[in-house]
Amino acid sequence: MTVQALDQLTARLQAKLMLPPPLERRALRTAAGASLRDVASVVGVSAQAVYLWETGARMPSAAHLERYAEVLRAFAELPSMCEPDLSRAQDSHIGSSDGER
């Protein structure tokens with residue numbers, strides 16, 4: 001294994017460890033006022049992929065994991081964020097009134 005390959009592997013593992021639990025992912029996004037499409041656009045995936053990550057049905061691929069973790073960290077660092085509202089994330093499902101999918 002080359003040094004570069006090891007660095008890439010280490011970065012992916014760190015991103016995975018820093019990824020919040022699924023319900024918190026959605027809570028961070030909604031508290032930041034971002035739609036599934038907003039996150040998907042930044043990460044380079046479909047809104048459905050982000051939804052699956054937020055429900056815990058799937059994990060981001062190695063190609064998208066680091067970017068998704070960066071987005072969530074940015075949301076968590078927003079000044080208006082004190083604590084994500086996990087109750088909103090628990091009773092919200094895909095196809096909400098704002099047309100997210």
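The values are calculated or read from the model by the stated rules, or taken from the named source; none is laboratory data. Bear in mind the structure is a predicted one, so any value in this text is a computation, not a measurement. Reconstructed Cβ throughout: ideal geometry from the backbone, glycine too, with neighbour counts over all protein chains shown.
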So which residues in the stretch 25-39 are closer than 14 Å to Met59 by Cα and out of contact with any Asp or Glu (no Cβ under 6 Å at 6 or more places or on another chain)? none
Under the condition of being over 12 Å from Leu65 (Cα atoms) and not hydroxyl-bearing (Ser, Thr, Tyr), which residue from the stretch 1-19 is nearest to the chain's Cα centre (by Cα)? Asp7
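Take the residues in the stretch 24-39 that are surrounded by fewer than 22 Cβ atoms within 10 Å (Cβ to Cβ) and aliphatic (A, V, I, L, M), then tell me which one is farthest from Leu78 (Cα to Cα). Spell out how you get there, then give the answer.
First pass over the stretch 24-39, keeping only residues surrounded by fewer than 22 Cβ atoms within 10 Å (Cβ to Cβ): 24, 30-35, 37-38.
Retained after the next criterion (residues that are aliphatic (A, V, I, L, M)): 31-32, 34.
Values: Ala31: 10, Ala32: 7, Ala34: 12 Å.
By that ranking, first place goes to Ala34.
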Output yes when any residue across the stretch 67-76 is outside any helix (DSSP H, G or I) and either surrounded by fewer than 19 Cβ atoms within 10 Å (Cβ to Cβ) or at pLDDT 90 or above (or both), and no when none is. no
